[in-house]
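Student: I have a structure I would like to understand better, so I am pasting it below and will then ask my questions one at a time.
The values are calculated or read from the model by the stated rules, or taken from the named source; none is laboratory data. None of these values were measured; they are calculated from a predicted model. So basically every Cβ, Gly included, is an ideal-geometry build from the backbone, and we count neighbours across all protein chains shown.
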Amino acid sequence: MNRILLLGGTGILGSEVQKQLQLMKIDYVAPKSSDLDVRDRDSFQSFASNFRPNWIINCTAWTNVDGAEDSFQAALELNVVAVKNIAEVAKLLGSHVIHISTDYVFDGNSPKPYDENSQVGPINKYGESKLLGEKTLFEILPTTAYVIRTSWLYGINGKNFVKTIAIKALERKETRVVNDQIGSPTSAQDLAKGIYSIVVKVPEGGIYNFSNKGSCSWFELARAIYKEVGADPELVQAISSSSLDLKARRPKYSLLSKAKWEGADLNEIPDWKASLKKILPEIISNPNSKEKL
């Protein structure tokens with residue numbers, strides 16, 4: 001029987017993973033960050049050794065892309081040092097590890113979707129820290145670790161683009177969104193099911209891409225949200241990335257190929273429009289969605 005240690009269980013993705021584990025009646029623990037600091041090797045080893053999981057799912061991360069430019073060391077503590085601790089303890093206990101990474105490990109200059117073997121080349125400090133985390137994990141667990149690279153993650157909990165735009169749409173506010181970054185949104189609900197399918201199927205270890213099918217710009221995503229909630233999509237105006245005063249550069253193109261995922265016979269990946277339509281009512285009805293973001 002699987003015993004799972006879930007890290008980051010209250011975030012956008014971790015909260016959905018918890019729901020999935022509860023639905024499938026899996027034995028798991030999901031300690032809060034205030035109760036367990038994965039950056040502290042000794043305390044993490046003590047906790048994990050007492051529970052003895054055969055899977056560790058890591059949804060913790062530094063995700064402040066612009067903040068990583070000025071606080072790179074802090075980003076490294078969560079995205080590399082913590083990952084090293086997880087990997088070393090997993091090796092000690094014989095546990096598999098599922099770790100979440102990002103499309104920001106790429107430079108965005110590809111003419112076609114990135115696959116798991118595409119050349120990496122992050123253009124910001126956040127992407128650099130996530131790539132270092134991947135490498136650290138596989139140096140310690142070359143065969144029993146899984147890295148899932150995803151993109152544009154959104155969900156019911158936590159701060160995310162879809163929730164922010166949905167609130168503006170409900171208030172019929174005008175908004176300006178970049179139209180020169182192309183990728184694919186990822187529903188946390190779908191990715192949580194994908195993570196569970198890895199636990200069930202136990203495919204060959206390594207890197208796997210997961211994002212919803214199809215592609216769009218942030219501008220097209222925002223207009224789809226406005227339309228879905230019954231607001232006028234014309235309230236969303238297109239702007240260029242260069243017009244924003246952002247510290248970190250973003251990849252212009254970060255669409256991920258899902259061929260390897262599909263070839264491994266893991267769970268089916270829905271189209272981004274279908275997933276958005278499914279989850280939006282839950283995002284809107286969730287009391288936390290009214291929080292100031």
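Student: When you scan the stretch 169-187, do you find a residue that is surrounded by 23 or more Cβ atoms within 10 Å (Cβ to Cβ), charged (D, E, K, R) and in contact (Cβ under 8 Å) with a residue 40 or more places away in the chain, even just one? Break it down stepwise before answering.
Tutor: The first filter runs over the stretch 169-187 and keeps only residues surrounded by 23 or more Cβ atoms within 10 Å (Cβ to Cβ), leaving 169, 183-187.
Filter once more, keeping what is charged (D, E, K, R): none.
So far as the stretch 169-187 goes, no, none of its residues is surrounded by 23 or more Cβ atoms within 10 Å (Cβ to Cβ), charged (D, E, K, R) and in contact (Cβ under 8 Å) with a residue 40 or more places away in the chain.
Student: Within the stretch 200-246, how many residues are over 30 Å from I26 (Cα atoms), in a loop (DSSP other than H, G, I, E, B) and modelled with pLDDT of 95 or more? Outline the logic, then answer.
Tutor: The initial filter retains those residues of the stretch 200-246 that are over 30 Å from I26 (Cα atoms), namely 214-246.
When the remaining residues are screened for being in a loop (DSSP other than H, G, I, E, B), the result is 214-215, 229-232, 240, 244-246.
Now restrict to residues that are modelled with pLDDT of 95 or more: 214-215, 229-232, 240.
Of the residues in that region, 7 qualify.
Student: State all residues of the stretch 278-292 that are surrounded by 14 or more Cβ atoms within 10 Å (Cβ to Cβ) and either touching a helix residue (DSSP H, G or I) at 6+ places or on another chain (Cβ under 8 Å) or at pLDDT 90 or above (or both); if no residue qualifies, say none.
Tutor: Residues satisfying the conditions are I279, L280, I283, I284, S289.
Student: In this structure, does K260 turn out to be free of Cβ contacts under 8 Å to residues at least 24 places away in the same chain, of a type outside the set (S, T, Y) and not in a loop (DSSP other than H, G, I, E, B)?
Tutor: No.
Student: Follow-up. Do the conditions hold for I156, that is, is it aliphatic (A, V, I, L, M), surrounded by fewer than 21 Cβ atoms within 10 Å (Cβ to Cβ), out of contact with any Leu (no Cβ under 7 Å at 6 or more places or on another chain) and part of a loop (DSSP other than H, G, I, E, B)?
Tutor: no
Student: For the stretch 237-257, which residues satisfy the criterion of being without any contact (Cβ under 8 Å) to a residue 60 or more places away in the chain and crowded, with 17+ Cβ neighbours inside 10 Å?
Tutor: Within the stretch 237-257, no residue meets the criteria.
Student: Can you tell me which of I123, I100 is within 13 Å of A61 (Cα to Cα), out of contact with any helix residue (DSSP H, G or I) (no Cβ under 6 Å at 6 or more places or on another chain) and touching a residue at least 12 places away in the same chain (Cβ under 8 Å)? Can you show your working first?
Tutor: Working: I123 fails: within 13 Å of A61 (Cα to Cα).
The conditions single out I100.
Student: Can I ask one more? Quickly run through the stretch 224-256 and pick out the residues that are within 30 Å of N117 (Cβ to Cβ) and touching a strand residue (DSSP E or B) at 6+ places or on another chain (Cβ under 6 Å). Spell out how you get there, then give the answer.
Tutor: Looking only at the stretch 224-256, we keep the residues that are within 30 Å of N117 (Cβ to Cβ), and these are 241, 246, 248-256.
Residues satisfying the conditions are S241, Y253, S254, L255, L256.
Student: Restrict the check to the stretch 49-64 and report whether at least one residue is of a type in the set (V, I, T) and over 19 Å from G9 (Cα atoms).
Tutor: no
Student: What is the one condition in (1) under 14 Å from the mean Cα position of the chain (by Cα); (2) under 20 Å from S217 (Cα atoms); (3) part of a helix (DSSP H, G or I) that Q189 does not satisfy?
Tutor: Status for Q189: all satisfied but (2).
Student: Would you mind finding the one in S275, S257, S242 that is among the hydroxyl-bearing types (S, T, Y) and closer than 16 Å to Y154 by Cα? It would help to see each step written out before you state the result.
Tutor: Numbers: S257 fails: closer than 16 Å to Y154 by Cα; S242 fails: closer than 16 Å to Y154 by Cα.
Result of the check over S275, S257, S242: S275.
Student: Tell me which residues, restricted to the stretch 213-240, are within 21 Å of N109 (Cβ to Cβ), touching a helix residue (DSSP H, G or I) at 6+ places or on another chain (Cβ under 9 Å) and of a type in the set (S, T, Y).
Tutor: S215
Student: Please enumerate the residues belonging to the stretch 31-75 that are touching a Leu at 6+ places or on another chain (Cβ under 7 Å), outside any loop (DSSP other than H, G, I, E, B) and closer than 19 Å to Y126 by Cβ.
Tutor: Correct list: N58 only.
Student: Return the residues of the stretch 1-30 that are in a loop (DSSP other than H, G, I, E, B) and of a type in the set (S, T, Y); say none if nothing qualifies.
Tutor: Correct list: T10 only.
Student: From D27, D66, grab the single residue that is charged (D, E, K, R), over 25 Å from P142 (Cα atoms) and free of Cβ contacts under 8 Å to residues at least 60 places away in the same chain.
Tutor: D27
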